[in-house]
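Scroll down for the structure; my scribbles are underneath it.
The values are calculated or read from the model by the stated rules, or taken from the named source; none is laboratory data. Source: prediction; values computed, not measured. Reconstructed Cβ throughout: ideal geometry from the backbone, glycine too, with neighbour counts over all protein chains shown. Quick note on the areas: whole protein, heavy atoms, side chains included, nothing else; ligands and nucleic acids left out. Shrake-Rupley method; radii C 1.70, N 1.55, O 1.52, S 1.80 Å.
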Amino acid sequence: MLVQSASKIIKADLSVWKKKESCVVNTMVSEQENLNLRNVVETVFDEGGRYHFTYQRDSSVLIIVLYGEILINDFKKPITSEQVFIVQSKESHFLTLKNNLADEKADILILELKSKRPDHFFSVEEVNIRDQNTLIPISNQLEYPNFIGLYEGRQEQEYSLYHPKNTLFGLVLNGAFEFQNMLLEARDAVIIKEIEILEFEALSENALLLLLEV
């Protein structure tokens, strides 16, 4: 049985892309949403482009490379599209992000979340989506359940929240999905409150979805 929940859809075709340094930036979610998810920012780099991202104190930052490869701060090894980068910090600081490719663009997603952890660390993790039509954990370093999934067309699934009082953030990275009777297409995002079970269906081949409980 479908239960209607309070929700907000963030449509990609209404996005405002801003030129910053040698890249363009789209802020999908900001602190104004009053969530544990502080920021969701997509950044597309020019060839060899650079971007500085400042995060607040008591934050976890997850960086997902959607296309290309990037260098972060002084790390000599680039982060590729099969990896994610996570930094956890008690203090406010910034990340220097650079497109490692001189003749191609790069595209990344930055998610900043509130954190109550007392430690400081960074990690690089592999993300291999071998199995289709199921949600795969992105990282066990975050305090919030986080998943990515690649789906064939017309595949349906239910997702039961680990913590029913949480808010659910969903982002369609590719293709199209139906969420609780709401159509979401590539780069559309949704914030759903007061929900225990999410029902969704992939409407296209190779539909790629990101989910976080926040």
Inset, instruction - With a point put 7 Å past each Cα toward its Cβ, work out how far Asp119 is from Tyr67 in nm, to one decimal. - result: 3.6
Inset, instruction - Along each of the three principal axes of the Cα atoms of the range 19-80, give the extent in whole Å, ordering the values from largest to smallest. - result: 34, 24, 18
Inset, instruction - Determine the alpha carbon to alpha carbon distance for each of Lys8/Lys116; Lys77/Lys114; Lys20/Lys98 and list only those over 24 Å. - result: Lys8/Lys116; Lys77/Lys114
Legend entry - Rounded to the nearest 20 debye, dipole of the range 71-214 from Cβ charges on Lys, Arg, Asp, Glu: 660
Inset, instruction - Tabulate in residue order the Karplus-calculated ³J(HN,Hα) for the range 78-85, using 6.51 cos²θ - 1.76 cosθ + 1.60 with θ = phi - 60°, rounded to whole Hz; enter x for Gly and Pro. - result: x, 9, 10, 6, 9, 9, 10, 10
Inset, instruction - Would you please give the FRET efficiency between Thr80 and Lys18, computed as 1/(1 + (r/R0)^6) with r the Cβ-Cβ distance and R0 = 25 Å, to the nearest 0.05? - result: 0.45
Inset, instruction - Take the chain, connect every pair of alpha-carbon atoms lying under 10 Å apart with a spring to form a Gaussian network, then pick out the residue of Ile129, Ile192, Ile79 with the largest mean-square fluctuation. - result: Ile129
Inset, instruction - Loop only per DSSP, at most 10 neighbouring Cβ atoms within 10 Å: give me the trypsin sites (Lys or Arg not before Pro) in the range 85-129, ordered by residue number. - result: Lys116
Legend entry - 12 Å beta-carbon shell around Ser139, net charge (K/R +1, D/E -1): -3
Legend entry - Carbon/sulfur fraction of accessible area - the chain, other protein chains in place, 1.4 Å, %: 47
Legend entry - the chain, accessible area per residue, ligands and nucleic acids excluded (1.4 Å, Å²): 50
Inset, instruction - Taking GluC sites (Glu not before Pro) as candidate sites, keep only those in a DSSP loop with at most 15 other Cβ atoms within 10 Å, then name the longest stretch of the chain containing none of them. - result: 153-193
Inset, instruction - May I ask you to list the trypsin sites (Lys or Arg not before Pro) in the range 146-214 that are in a DSSP loop and have at most 16 other Cβ atoms within 10 Å of their Cβ? - result: Arg154, Lys165, Lys193
Inset, instruction - Sort all Cα-Cα distances of the chain into consecutive 5 angstrom bins from zero, then give the percent of pairs in each bin up to the one containing the longest distance. - result: 1, 7, 15, 19, 21, 18, 11, 6, 2, 0, 0
Legend entry - Inter-site label distance for Asn133 and Ile9 at 7 Å from Cα along Cβ, in nm: 2.6
